[in-house]
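A short reminder: the numbers here are calculations on the coordinates, not readings from a lab. No experiment lies behind these values; they were computed from the predicted model shown. Cβ placement follows ideal geometry from the backbone for every residue including glycine, while neighbour counts extend to all protein chains displayed.
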Amino acid sequence: MIEKLLTSMRGYAHENYVPIVRPETERILCSIIEKIKPKRMLELGAAIGYSAISFSRYIADDGIIITVERDEQRAAMARRNIAEANLTGKIRLIEDDALTLLRSMDNKVDIIFLDADKSHYIEYYEDCLRLLSDDGIIIADNVLFAGLVEKEGEVEHKHRTIVTNLRLFIKTVQADERVTSELLKTEDGIMIIRKKRK
Ligand SMILES: C[S@@+](CC[C@H](N)C(=O)[O-])C[C@H]1O[C@@H](n2cnc3c(N)ncnc32)[C@H](O)[C@@H]1O
């Protein structure tokens, strides 16, 4: 039943230009989530609820995914999809700005999935670390931004801020002695960040 809904959501997203997690990235993330079995997961950027519904299959039985979306229409559609999947007890959708939500949160989370505005990952980073449980991980999607982040030479004006900020995000994480990180070049680039054991 969930698989059928996910297939129809993927079709809707494709037809309506709603950006959702890419297939290979989805598979990698699902297998990471299945291993960790998080009790609390936070997603920044719900869109129509596709990834939250997909990930919910692998969290702990009593686990919860908190997901935030600032676009009113997408949030409404995500709410409908979550209800249709019978997952209102497992996925809490919040219609708000990601940074506002992050700054208001105190309880620790086991996985944070960064998938909202790519140029703000750098701003989300410190609050994500503050909220992350000791064994937790941060997963940031699209960090290579269609290859532009690693491409040499001039970046088109319309992409300059996002590329500059993603480069800064990657550099900051890689230089941060509190964490270890790996950058997977799969699809649009996935960064996985773990806190170092004390
Ligand atoms: C790539 S889509 C999310 C896709 C979703 N995670 C999935 O795979 O099904 C990014 C979403 O983040 C939302 N977004 C962007 N900036 C945001 C912000 N500052 N706060 C909340 N949502 C934001 C956008 O409206 C968009 O729907």
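Odds and ends about this structure:
- Basic side chains Lys and Arg get +1 at the Cβ, acidic Asp and Glu get -1 at the Cβ, and with that the dipole of the chain about its Cα centre reaches some 500 debye.
- Between residue 95 and residue 198, residue separation times 0.36 nm minus the direct Cα-Cα distance comes to 33.5 nm.
- 3J(HN,Hα) along region 29-43: 5, 4, 6, 5, 5, 4, 6, 7, 6, x, 8, 10, 10, 10, 10 Hz, from the Karplus curve 6.51 cos²θ - 1.76 cosθ + 1.60 with θ = phi - 60°, whole Hz, x for Gly and Pro.
- When the P(r) is computed for region 148-197, the part past 15 Å accounts for 52% of the Cα-Cα pairs.
- Using Cβ point charges alone (K and R +1, D and E -1), the dipole size of region 1-61 about the Cα centre works out to roughly 200 debye.
- Rounded to the nearest 0.05, the FRET efficiency derived from the C-beta distance between residue 164 and residue 185 at R0 = 30 Å is 0.90.
- Relative protection proxy for 39-46, 113-120, from highest mean packing down: 39-46, 113-120 (other beta-carbon atoms within 10 angstrom).
- Projecting the Cα atoms of 46, 170, 60 onto the dipole axis of region 2-195, where Lys and Arg carry +1 and Asp and Glu carry -1 at the beta carbon, places 60 farthest toward the positive end.
- Relative contact order [Cα under 8 Å, 6+ residues apart], region 2-195, whole percent: 18 percent
- Taking Lys and Arg as +1 and Asp and Glu as -1, the other residues whose beta-carbon sits under 12 Å from that of residue 3 total +3.
- Under 25 Å from residue 158, Cα to Cα: lysines that are on another chain or at least 8 residues apart: 118, 171, 185
- The gain in end-to-end length when the residue 171 to residue 1 segment is fully stretched comes to 57.0 nm, 0.36 nm per residue minus the alpha carbon separation.
- Under 5 Å between amide hydrogens, built in the peptide plane, is the criterion, and for residue 179 it picks out 196 among residues at least 5 positions away or on other chains.
- Extension gain, residue 15-residue 80: 0.36 nm per intervening residue step, less the Cα-Cα distance, totals 21.6 nm.
- Evaluated over the Cα positions of the chain, the convex hull gives a direction-averaged projected area, one quarter of its surface, of 11.0 nm².
- Separation between Cα centres of region 69-112 and region 1-54, rounded to whole Å: 13 Å
- Rounded to the nearest whole Hz, the Karplus-based 3J(HN,Hα) values (6.51 cos²θ - 1.76 cosθ + 1.60, θ = phi - 60°) of region 55-68 follow the sequence 5, 4, 5, 10, 7, 4, 4, 9, x, 9, 10, 9, 10, 10, with x at glycine and proline.
- Each of 183, 120, 133 was scored by the projection of its Cα onto the charge dipole of region 2-195, and the greatest displacement toward the positive side belongs to 133; charges sit on the C-beta of Lys, Arg, Asp and Glu.
- Per-residue ellipticity at 222 nm computed for the chain from its helices equals -12500 deg cm²/dmol, with DSSP H segments shorter than 4 residues left out and the rest contributing -39,500 (n - 2.57).
- Near the amide H of residue 40, within less than 5 Å, lie the amide hydrogens of 64, 110, 111, all on another chain or at least 5 residues away, with H placed in the peptide plane.
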